[in-house]
Amino acid sequence: MLGWFRKKKKKDPVEGDAPVEFETPVGDTDESDRTEEELPAHPPEPVAPDTPEMLTSPEASPEIPPEAQEEAAEPEESQAEQASEPEPQEKPVSVLKRLSQRLSRTRESFTIRMDELFLGKKEIDGELFDELEEILITADLGIGTTQDLLEQARKRIQRDNLSDPQTLKEIIKEQLKGYISGDGNQKELSLPEDEPFVVMVVGVNGVGKTTTIGKITRKFLRADRSVLLVAADTFRAAAISQLKIWGERNDVRVVAQQEGADPSAVVYDAMSVARSGHYDVVLVDTAGRLHTKVNLMEELKKIKRVMHKQLEGAPHEVLLVIDATTGQNGISQAKLFNDAVGVTGVALTKLDGTAKGGIVATITRELNLPIRFIGVGEQVDDLRDFDADEFIEALFTTD
Ligand SMILES: Nc1nc2c(ncn2[C@@H]2O[C@H](COP(=O)(O)OP(=O)(O)OP(=O)(O)O)[C@@H](O)[C@H]2O)c(=O)[nH]1
Ligand SMILES: [Mg+2]
C-alpha cells in the first residue's frame, strides 16, 4: 500500500482536545464516493515542430496534431470517449468493476481468450500450452516471463500430477500474482516529516509525464499536502504552459523559466523555493528529449545532482513514466533510464487504451521495479495506486 497519500498529521492540537491524527489513505477510495468535480482532460496544446533527439514514443506523439490523433483512433476505442463515459446515476460501479472496465482491452486479449481456450478442454496437453504461450506473448508478458510462467506451470502439473485444465488456469493466475506482488510492490512508503518530498518524473516524450504529475498533485492535495510543481522540461514552451495549466487547475505554484532555459537552473531555484516555502511535496517535470546536443541522460543526471546538492535526501523518488501501449519498447526505455538515474518507481500510463497489460508483469519481474501508479484514462482521477491483488482480480473478472 502506497503511503504517500496518508493525510498529514495535525501538529497543533487545541488545548484540552485529544490530538487528531488522520491516517486514512485517500485518493483510491471508491470513485462513486467522489465529491469533487471531475476536471476535463488537459486541452490540446499548440505543437511546435521539433526534432526527436534520441528516444521517441510511437503513441500520442506531440508531432501529431490532436485532430489527426483523433482520426487515427477507432471511434469505439477512443480514449477520450472512454474517459468521459457517463457515470451510471443509480447503481454505483464498484472500484474493481470500474478498473476491469478500463482494462477491457487487455481482458479481451488475455482473460477472455484464455477462457475460450479452456472452454471444452478436457485435458492438459502440448497444444494447450502452445496456445497459452501465444496468448501470453500477445498480452505483452514478454518472452522471458512467458517462458518462466509456463515452465513453472509444467513443473507444478507434473509434481502434483494434475490433469484438470481449470487447475492450470488457476496456477497461471497465481503465478502472475506472484510476479507482480513482489517485495518492492508492497512496500509502505511514507513522506519525510521535516523536508520536502521530491519526486523527479522522467520518461520518453508523450508517455504522460505532465498529465501524471497533474493527477498526483490532486492526490496529494486531497491528503492536505502542499505541492510545488517544477517545469524542468524546457524543451518546448508548450510543455511549460501545459504544466502551468495543471498548476492553475490545482491552485498550486509552478516554478518555471522560459523555453530553452537550463533545466538544472530551474531545479536549483525550485529547491530554494521548496525549502523556504516549507512545501511538503515537489514534483519535477523533465523532458523526454532535448533541443541541444546534450545527451538526455546526462542532462537528467545533472538535474539529479543539483537536487541532491540542495537537499541531501532528494530526489526521494525517481518516477519513470512508461506508456503501456508501447509494450516491450517501454521496457528497453526503462533500462536506459534506470542505468542513468536509478529509477525507484514506475507509473504505467494508458492501460485503458491497450491490450498489452501484461507489461505489468515484465516491469515487476524483469526490471524488478515497483509500479506505484497505473493510468487508466485522461481525467484527473484516472490514476490509481497500484495494487497487485486488485489488478489481478480486475483482469480476471468475467461478466
Ligand atoms: N488514455 C490515457 N491517456 C493518457 C493517460 N496518461 C496520459 N495520457 C495522454 O497522453 C498524452 C500525452 O501526455 P503528456 O502528459 O503530455 O505526456 P508527456 O510525457 O508529458 O509528453 P512530453 O511533454 O511531450 O514529453 C495526453 O494526451 C494525455 O492526456 C492515461 O492513463 N490514459
Ligand atoms: Mg510533458
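Would you mention how many residues in segment 215-233 are out of contact with any Phe, Trp or Tyr (no Cβ under 9 Å at 6 or more places or on another chain) and either buried (at least 24 other Cβ atoms within 10 Å of the Cβ) or free of Cβ contacts under 8 Å to residues at least 24 places away in the same chain (or both)?
4
Six or more apart or on different chains, Cβ atoms under 9 Å: show the pairs whose first residue is in segment 370-382 and free of Cβ contacts under 8 Å to residues at least 60 places away in the same chain and within 23 Å of I180 (Cα to Cα) and whose second is hydrophobic (A, V, I, L, M, F, W, C) and assigned to a strand (DSSP E or B).
Qualifying pairs under 9 Å: I374/A347; I374/L348; I374/L383.
Evaluate the following for V254: is it within 16 Å of ligand 1 (Cβ to nearest atom), modelled with pLDDT of 95 or more and either on the phi > 0 side of the Ramachandran plot or part of a loop (DSSP other than H, G, I, E, B) (or both)?
no
State which residue is farthest from ligand 2 (Cβ to nearest atom) when the search covers only segment 291-306 and only residues that are part of a helix (DSSP H, G or I) and among the aliphatic types (A, V, I, L, M).
V306
Out of the residues in segment 242-290 that are of a type in the set (V, I, T), within 16 Å of ligand 2 (Cβ to nearest atom) and surrounded by 20 or more Cβ atoms within 10 Å (Cβ to Cβ), state the one that is farthest from F5 (Cα to Cα).
V266
Considering only residues that are surrounded by fewer than 16 Cβ atoms within 10 Å (Cβ to Cβ) and assigned to a loop (DSSP other than H, G, I, E, B), look in segment 110-126 and name the one that is nearest to the chain's Cα centre (by Cα).
L119
Within segment 350-359, is there a residue that is in a loop (DSSP other than H, G, I, E, B), at pLDDT 90 or above, within 16 Å of ligand 2 (Cβ to nearest atom) and touching a strand residue (DSSP E or B) at 6+ places or on another chain (Cβ under 6 Å)?
Yes, the conditions are met somewhere in segment 350-359.
How many residues does segment 234-248 hold that are charged (D, E, K, R) and either modelled with pLDDT under 95 or away from ligand 1 (no atom under 14 Å from the Cβ) (or both)?
Of the residues in segment 234-248, 2 are charged (D, E, K, R) and either modelled with pLDDT under 95 or away from ligand 1 (no atom under 14 Å from the Cβ) (or both).
The values are calculated or read from the model by the stated rules, or taken from the named source; none is laboratory data. Only a predicted model underlies this, so the values are computations on that prediction, with no experimental measurement involved. Here the Cβ is made from the backbone with ideal geometry for all residues, glycine too, and neighbour counts use every protein chain on show.
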